[in-house]
Ligand code: NAD
């Protein structure tokens, strides 16, 4: 069985002091690789290599345009290796090949190209507040950044951390989820082919509670960029306080798509289904609450049911497959538990609700039918807690005020989507909804240019867009006296 190890200076380690963890293909339940995890000594070596690479004359003398050029080249290399990357990601996550080839690999390349183009456009401001002095602000890299990834979009997420971190001039240690390490390791090796110096992108493998914990507490890690659950995000924020590290947290969501009676119902239903079930619902910005105006409740349910029948679920290598499995047995059990909880809370199942049993090679995989729940009340557990699975809770509302109240009535504030032909209402809703991003009459558009700044318990900081690049820059201000007559300051 193939062994996979951490990456240091562009090379994969074949011996580490940590435990060995199996990598499972969730479509089949079979072990596909054995992962060599980092102990404290290994993390220490990785961070030391990153620090040395960051401080090296080679990296420090590289111009921002040249850093951008490397990221641009990396995007080309990603595309040239798209078959291998797609296959690795498919085996690691069970994602359908079509989703990988048509969406995720192109998105990975476009994230790299976006930040490649932005690398030499980081600008401070010139100020003018007193005579005889010249005042300006500038931006600097932090140094070594820890990029902690979830398992749901491993390759896209690695690009979302590495591209802005490098564009801003940092070095980065990636810690992928222990469930999905394969493409991070490949990505780090391809960085070397793109001309990115050894050690600027390293990869530490292992569990969050061991490798992750050691990494975030390491004194030479100056910034943590974390994407994952709210509970772990809170823990990381607390740990970071001791060394006053900068922290960016992109966390959970319980997002709502809101459909008014005047909307294009056919398009709104497409959006609701894609958003809730793509990646088997394991997407932070997916809308797992569907708020429908009560006057169209039965029409909309019929449209949904018809559309749901067209979703093909199964063999990820089949080009027509749209939906894959749950990523782990634990996530599969969680989603099934919530379907049980829904029944106990008095909800009804409009569609799905069952585990899926295959008789072929997929028999051991973690498969659940896309599930739509009706008779859901806004305060039920299935309507307020993040499930992160293919379970959509449908809630009916009377008017705009009630839609806003329900949508804002959860602890999270990541994304939302509003469907209406009334542009004034669309604007009022956009202002009233307490989420970081809102799509009006569209869904999940705008990557990578539009920033996603999480609200409430969905996190702090921002990812994507130019704002996401600035999150990897430390600000500095300077006041320079050029005139002998300029006062010393404070009117001394
Ligand atoms: P998770 O919080 O369990 O793990 C995320 C990462 O943190 C993993 O790499 C894990 O190993 C690591 N980790 C765990 N404990 C750690 C510790 N003590 N110190 C350092 N690192 C630690 O999340 P997950 O189950 O991998 O992903 C699903 C969650 O991620 C969901 O809540 C989802 O909403 C969220 N998510 C958010 C976004 C976003 O952009 N807001 C995107 C994707 C996923």
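Please treat every number below as a calculation from the coordinates, not as lab data. What you see is a predicted model, and the numbers here were worked out from it, not measured in a lab. Reconstructed Cβ throughout: ideal geometry from the backbone, glycine too, with neighbour counts over all protein chains shown.
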Inset, instruction - Could you line up 442, 38 from fewest to most neighbouring Cβ atoms inside 10 Å? - result: 442, 38
Legend entry - Order by protection proxy (mean Cβ within 10 Å, highest first), peptides 348-355, 178-185: 178-185, 348-355
Legend entry - In Å, descending, principal axis extents of the Cα set of the chain: 78, 60, 40
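Could you list 30, 307, 186 in order of exposure, starting from the residue whose Cβ has the fewest other Cβ atoms within 10 Å? Don't skip to the answer; put the middle values down first.
Numbers: 30 13, 307 16, 186 22.
Fewest-to-most Cβ neighbours within 10 Å comes out as 30, 307, 186.
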Legend entry - Between 0 and 90°, nearest 10: helix 329-345 axis offset from the chain longest Cα axis: 50
Inset, instruction - Could you grab the relative contact order for segment 256-440? Cα pairs under 8 Å, six or more apart, rounded to a whole percent. - result: 28
Legend entry - Computed [θ] at 222 nm, deg cm²/dmol, the chain (DSSP H ≥ 4; -39,500 (n - 2.57); rounded to nearest 500): -11000 deg cm²/dmol
Legend entry - Extent along principal axes [Cα atoms of segment 239-375; Å; largest to smallest]: 56, 43, 35
Inset, instruction - Using a 10 Å cut-off on Cβ atoms, rank the peptides 243-249, 412-418 from the highest mean neighbour count down. - result: 412-418, 243-249
Legend entry - Largest-first principal axis extents, alpha carbons of segment 153-306, Å: 58, 38, 28
Legend entry - C-alpha long axis of helix 64-80 to longest principal axis of the chain, angle in °: 40
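Please report, largest first and rounded to whole Å, the three semi-axes of the ellipsoid equivalent to segment 1-144, where each semi-axis is the square root of five times an eigenvalue of the C-alpha gyration tensor. All intermediate terms of the calculation are to be shown ahead of the outcome.
On the way: eigenvalues 292, 106, 33 Å².
Equivalent-ellipsoid dimensions as semi-axes: 38, 23, 13 Å.
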Legend entry - Computed P(r) (all Cα pairs; segment 338-492; 10 Å bins; percent): 9, 25, 26, 18, 10, 6, 4, 3, 0
Legend entry - Inter-part distance where segment 173-226 and segment 300-334 are each reduced to a Cα centre, Å: 31
Inset, instruction - Sort all Cα-Cα distances of segment 107-215 into consecutive 10 angstrom bins from zero, then give the percent of pairs in each bin up to the one containing the longest distance. - result: 14, 41, 25, 11, 7, 2
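Can you pull the Kirkwood radius for segment 61-154, inverse mean 1/r over Cα pairs, to one decimal in Å?
Numbers: mean 1/r = 0.0616 Å⁻¹.
Its Kirkwood hydrodynamic radius stands at 16.2 Å.
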Inset, instruction - Whole Å is fine, so just give me how far the alpha carbon centre of segment 364-380 lies from that of segment 77-136. - result: 34
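Restricting to bridges with both residues inside the chain, how much of the DSSP beta-bridge set is antiparallel, in percent to the nearest 5?
Counting only bridges with both partners in the chain, antiparallel ones make up about 40 percent.
Tell me, 399, 220 in order of fewest to most beta-carbon neighbours within 10 Å?
Numbers: 399 10, 220 13.
Fewest-to-most Cβ neighbours within 10 Å comes out as 399, 220.
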